[in-house]
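Take a look at the structure set out below.
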Amino acid sequence: MIEAVNVTKCFGENKVLDQISVKFETGKCNLVIGQSGSGKTVLMKCLVGLFEIDKGKVMFDEKVLSRMSFEEMKLVRQDIGMLFQGGALFDSMPVEENVMFPLSMFTDQSLSERRDRANFCLSRVNLKDANKLYPSEISGGMKKRVAIARAIAMNPRYLFCDEPNSGLDPKTANVIDNLIKEITEEYDMTTVINTHDMNSVVEIGDNVFYIHNGKLWWQGDKESILNSDNKELNEFVFATELTKKIKSAL
Amino acid sequence: MKNFLIEIGRYVKLMRLVFKRPEKQSIYFKQILIEIENLGLDSLGIVVLISVFMGAVLAIQMAFNLDTPLVPVYTIGYATRQSVVLEFSPTIISLILAGKVGSRISSEIGTMRVTEQIDALEIMGINSATYLIFPKIVACLFFNPILIMISILVANFGGWAAGSLTGMVPSAEFIYGVKAFFEGYDVFYSLVKTVVFAFLIVSISGYHGYYTKGGALEVGESSTKGVVHSSIAIIVFNLVLTNIMLS
Ligand SMILES: Nc1ncnc2c1ncn2[C@@H]1O[C@H](COP(=O)(O)OP(=O)(O)OP(=O)(O)O)[C@@H](O)[C@H]1O
Ligand SMILES: [Mg+2]
């Protein structure tokens, strides 16, 4: 379980996160939703310790992140897989090496074992025949999928995905959503996903957290989100014509 | 002044991170080889080119200025060699390398910073400062002295060629001069300078890259800062080292 207690984060005068307290359960897909600019990415970076928080604390299975030493932090991080919103692939390495990189760094596997694992991960994100290409030579959606493959290569205990399916077509997006759900349940991971895609919410949202104005505005699951009477949440969920039609049909 | 002290503080902190124990030695060894190729071998061409012309110009200027019967002709070879060994190769070539290698390092690391690649390394549990900067430091500490030795040889050759081709200095006289009054300590002094300058170039430009904030524009800015600051550091340390070692 990952827990945030009263997490507050400001950039100068701009208070992006205001006393956010959430619990992300293990073995579940925990979705953080909210408008663009609402602070989802900032929250995720606070959780993993890339941003220092101004107040509050973050706990990984009872261990407090801010109290860890440099070495302890490194150990916890070897259990973290993270997909960045922009992919953050190493552009000096081809696709396959990107996925193999954490394995080369932290395991004693032989080259062929690492290559097999990389190919397995790449096939799970529906990506074949791109192994030898460099990140600059593949499309945006492909980059995203390589980044997901790299994030899951080490079978992390904690998986963080910042908008895993933005920039993907609906079908591939669905494949990715279900992949994340599958591995979360299979390996009992604690998975946190930032998204503003309602399809993902309805598909895999075991726990859903809605961030609005820097606060945790609503929380529930994929069923309750459609029947909530929270005004701001409804404005967010039923923002388009299509979703409005679905709402009236419900 | 306050800003300067803050920057020095951050620089020292970064260097302490850089010299933490690496995660996996075999990977680092491979990285070092790659950096030797990227930062060292890749600079060989420009170093040779500049050194030949530098030596040639030096010899011609010496010949021009020492054109009096009071000084023996071989002095031209001797003076050329001394200038090259003591100052021109270690300092001027290091300044050139600060431009070439320094800007490359700052912009490479800076781009990794703004595209979150450094964050990705950190999240995996890798000490990004060590991973990115340490192999570059080792590569340059090892290879820059080689470049400078080559530069010294080539510059003397350039001087000899210019002297002979223009007919200003007879070949035998120049060669005699180059060999005259040779002291090993001069070369030692030259190599010490080179090693110190190599460290300054990599660490300062690495520092500016590592702390880049923003986007493409800022990457350009850090790359400029990397070159300017490491050049200034070279000039200052040149004076300091010369004072310590030659007085
Ligand atoms: N490094 C930073 N420095 C200053 N302000 C920042 C920084 N990162 C984010 N912010 C601010 O924090 C707020 C939230 O940004 P964040 O990236 O978390 O949004 P988001 O919810 O992830 O949006 P999106 O869905 O578009 O990715 C924005 O107002 C942004 O200006
Ligand atoms: Mg975001």
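Overview of values
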quantity: In the B-A interface, the accessible area buried, summed over both sides, Å² (probe 1.4 Å); calculated: 2000
quantity: Value of relative contact order over the stretch B:44-246, rounded to a whole percent, pairs C-alpha under 8 Å and six or more apart; calculated: 39
quantity: Mean accessible surface per residue for the stretch B:1-128, computed with a 1.4 Å probe while every protein chain stays in place, in Å²; calculated: 49
quantity: Gyration tensor verdict on the stretch A:12-138 (Cα atoms; rounded if a/c is under 1.5, prolate if a/b is larger than b/c, oblate otherwise); calculated: prolate
quantity: Accessible-area composition of the protein assembly as shown, carbon plus sulfur, in percent [1.4 Å probe]; calculated: 60
quantity: Cα gyration tensor category, rounded, prolate or oblate, for chain A with a/c compared to 1.5; calculated: oblate
quantity: Antiparallel %, DSSP beta bridges [both residues in the protein assembly as shown], to 5; calculated: 50
quantity: Whichever lysines have a C-alpha closer than 25 Å to that of residue A:143, once near sequence neighbours (fewer than 8 apart) are set aside; calculated: A:40, A:45, A:128, A:132, A:171, A:181, B:213
quantity: Relative contact order computed over chain A (Cα-Cα under 8 Å; 6+ residues apart), in percent; calculated: 27
quantity: Amide H contacts under 5 Å for residue A:217, placed H, 5+ residues apart; calculated: A:210, A:211, A:212
quantity: Threshold 30 Å², the stretch A:78-111 residues less accessible with all protein chains present than alone (1.4 Å probe); calculated: A:84, A:88, A:90, A:91, A:101, A:104, A:105, A:106
quantity: Packing-based order for A:120-126, B:159-165, A:221-227, using average beta carbon neighbours within 10 Å, highest first; calculated: B:159-165, A:120-126, A:221-227
quantity: Per residue accessible area of chain A, 1.4 Å probe, in Å²; calculated: 46
quantity: Eligible aspartates and glutamates near residue A:23 by straight Cα distance, threshold 15 Å, same-chain separation 8 or greater; calculated: A:3, A:61, A:62, A:206, A:221
quantity: The stretch A:32-101 shape via C-alpha gyration tensor axes, a/c threshold 1.5; calculated: oblate
quantity: Beta bridges by DSSP in chain A, antiparallel share as percent, to the nearest 5; calculated: 50
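The values are calculated or read from the model by the stated rules, or taken from the named source; none is laboratory data. Keep in mind that this is a model prediction, so the values were computed, not measured. For neighbour counting, all protein chains shown are included, and Cβ atoms are generated from backbone atoms with ideal geometry for every residue, glycine included. Each accessible area value is taken on the protein alone, full model and side chains, heavy atoms only, with ligands, DNA and RNA left out. Shrake-Rupley method; radii C 1.70, N 1.55, O 1.52, S 1.80 Å.
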